[in-house]
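Worksheet for the structure shown next.
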Amino acid sequence: MAVILVLILSLPIPSLAGTVKTGAEVLSEQNFLPLHGKRFALVTNQSAVVGGTHIIELMRQKGVHPALIFTPEHGLKGNAEDGVKLADDDSATIPVKSLYGVTKKPRPEDLKGIDLIVFDIQDAGVRFYTYISTMGLAMEAAAQAGIPFMVLDRPNPLGGEYVAGFVRDKIPGSFTSLYPIPLAHGMTVGELAGMIKGEAMLPGLARLELSVVRMQGWERGMRWPDTTLTWVATSPNLAALDSVLLYPGTGLLEGTGASEGRGSSTPFRLAGWPGIDASALAQRLNEQQLPGVRFSPVLFTPVRLPGISSAPKYRDREVAGVSISITDYRKLLPVETGVSVLKALQEALPEKARTAFFRGGFDDMAGSTVLRKALVAGLSAQQVELLWTPGVEAFLEQRRPYLLY
């Protein structure tokens with residue numbers, strides 16, 4: 001196991017719900033002391049706030065200024081659509097380099113004269129959400145350049161105890177499935193950074209000097225509402241907290257012919273297909289008594305939403321399906337809910353349409369071919385869950401040395 005320097009810059013406070021301080025807040029309260037006198041690069045976006053103030057502004061107030069800013073998918077302001085390649089902005093007061101454009105990894109020339117890379121981005125806690133891929137590739141670049149890497153830790157919105165879904169197996173690692181971890185991994189970005197390094201999930205990290213500015217007051221059982229922190233949209237379609245909490249499961253619909261609600265005001269809280277029986281679908285899902293959720297039949301029409309969803313599935317066409325309401329966020333099982341929705345939707349289709357249900361990219365998001373093959377073979381959602389359980393149990397043991405809370 002690799003040694004990771006954990007920075008605790010003030011005495012720990014008692015662990016109480018509602019008193020969570022992010023790593024950025026802890027560092028700000030210490031006037032960003034470790035950054036003084038350093039020429040550092042900041043990997044960040046709009047989600048890096050403390051009490052409504054962005055970390056760049058907090059740094060400015062304390063007389064600390066990044067020499068360079070790196071941005072992930074969706075850009076610095078988080079208002080670029082999924083998959084849109086972004087250019088650098090060298091005209092900005094602080095040069096901004098995109099890690100979702102011509103390159104996804106800091107270039108050696110960008111790191112010349114840089115003493116440290118600092119990472120501060122709120123993640124969604126899902127393997128196929130690309131911010132953790134950006135973090136890992138930036139770690140790799142830091143190791144190659146021989147400079148330290150610092151993570152300002154933030155909560156996993158799904159909590160630290162919920163782990164579910166297939167561990168990415170023999171499918172080649174991609175930007176949306178870079179690590180051999182479960183779909184919902186239950187780790188903070190700081191913990192995950194330690195595991196990526198310690199388990200050699202990317203090459204050349206053994207020599208990386210990694211530090212984590214730890215949160216205060218966060219407990220593993222906390223989901224986002226328990227922190228009382230304000231949710232800031234991490235990307236255009238994860239603006240609402242209910243969408244975030246359902247995303248690990250309903251996000252899988254992106255790899256199918258079904259609508260996941262893009263092109264509406266409630267993405268990832270809708271699921272449907274044109275022409276199916278919405279009432280029957282809702283009834284079938286409600287009969288399963290999935291914990292923490294309720295399904296209502298709905299008709300919706302995805303539309304073009306510039307900057308959010310320019311080309312949603314079934315644009316301007318009526319879709320029949322379900323609206324998903326969270327009744328108890330503590331009991332919610334997002335991945336299991338998503339698999340149940342996949343199963344029910346697939347079986348609601350006419351026989352001919354079922355063959356076109358899964359599309360390219362589904363296996364990559366699922367992390368395995370097993371989920372698709374199991375559903376095609378007729379296995380129930382509960383039987384599918386049993387298939388991923390051994391991998392999850394092994395992962396829970398593997399991650400144990402890297403947990404910071």
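The values are calculated or read from the model by the stated rules, or taken from the named source; none is laboratory data. All values derive from a computational prediction rather than experimental measurement. When we count neighbours, we look across all protein chains shown, and the Cβ atoms used for this are built from the backbone with ideal geometry, even at glycine. All accessible areas refer to the heavy atoms of the entire protein, side chains included, with ligands and DNA or RNA removed. Shrake-Rupley method; radii C 1.70, N 1.55, O 1.52, S 1.80 Å.
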### Summary
Extension length gain for T369 and S174 (0.36 nm per residue less Cα distance), in nm, is 68.7 nm
### Task
Using the structure shown, list the pairs from K170/K352; K77/K112; K21/K105; K313/K373; K97/K343 with a Cα-Cα distance above 32 Å, or answer none.
K97/K343
### Query
Quick one: accessible area per residue over region 44-116, 1.4 Å probe, rounded to a whole number of Å²?
46 Å²
### Query
Which residues' amide hydrogens lie under 5 Å from the amide hydrogen of L178, considering only partners 5 or more residues apart or on another chain, with H built in the peptide plane?
none
### Summary
Computed over region 145-249, protein heavy atoms only, probe 1.4 angstrom, the accessible area per residue in square angstrom equals 28 Å²
### Nearest-0.05 FRET efficiency for A67 and V102, computed from C-beta distance (R0 35 Å)
0.95
## Note on the structure
In a Gaussian network model of the chain with springs linking alpha carbons closer than 10 Å, the residue among E351, E25, E336 that fluctuates most is E351
### Stretchable slack from E397 to R330, in nm (0.36 nm times residue separation minus alpha-carbon distance)
21.8 nm
### Message
Could you check the spin-label model distance between D115 and E347? Points 7 Å from the Cα along Cα→Cβ, value in nm.
### Response
6.2 nm
### Summary
Here the FRET efficiency for E161 versus A280, based on Cβ atoms and R0 = 22 Å and rounded to 0.05, is 0.05
### Message
If every alpha-carbon in region 178-287 counts as one equal scatterer, what log10 I(q)/I(0) does Debye give at q = 0.14, 0.18, 0.22 1/Å?
### Response
-0.80, -1.08, -1.26
### Summary
Rounded to two decimals, the Rg over Rh value of the chain from Cα coordinates and the Kirkwood Rh reads 0.97
### Query
What's the percent breakdown of Cα-Cα distances in region 149-242 across 10 Å bins, shortest bin first?
14, 40, 37, 9
### Task
Run the numbers on the chain and let me know its relative contact order in percent, using alpha-carbon pairs under 8 Å that are six or more apart.
18 percent
### Query
With the other protein chains left in place, how much accessible area per residue, in square angstrom, belongs to region 321-405 at a 1.4 angstrom probe?
46 Å²
### Query
With springs only between Cα atoms under 10 Å, which of A164, A87, A348 fluctuates most in a Gaussian network model of the chain?
A87
### Task
Compute the distance in nm between two label points, each set 7 Å from the Cα along the Cα-to-Cβ direction, one at S265 and one at V303.
1.0 nm
### Message
Can you tell me the length gained on complete extension of the stretch R317 to A92, counting 0.36 nm per residue apart and subtracting the Cα distance?
### Response
76.9 nm
### Query
Which three lengths, in whole Å and largest first, does region 213-370 cover when its Cα atoms are put on their principal axes?
54, 37, 30
## Note on the structure
Dividing the alpha-carbon radius of gyration of region 284-398 by 2.2 N^0.38 Å, where N counts its residues, gives 1.20
### Degrees, to the nearest 10: 189-198 long Cα axis against longest axis of the chain
80 degrees
### Message
With a 1.4 Å probe and all protein chains left in place, how much of the accessible area of the chain comes from carbon and sulfur atoms, in whole percent?
### Response
53 percent
### Task
Just the Kirkwood number for region 82-126, please: inverse of mean 1/r across all distinct Cα pairs, in Å, one decimal.
12.5 Å
### Message
Connecting C-alpha atoms closer than 10 Å in a GNM of the chain, tell me which of L238, L349, L178 has the biggest fluctuation.
### Response
L349
### Query
Between V84 and A239, what FRET efficiency comes out of the Förster formula 1/(1 + (r/R0)^6) with R0 = 22 Å and r the beta carbon distance, rounded to 0.05?
0.85
### Task
Per residue of region 343-348, in order, report the coupling 6.51 cos²θ - 1.76 cosθ + 1.60 (Karplus, θ = phi - 60°) as ³J(HN,Hα) in whole Hz, putting x for Gly and Pro.
4, 5, 5, 4, 7, 7
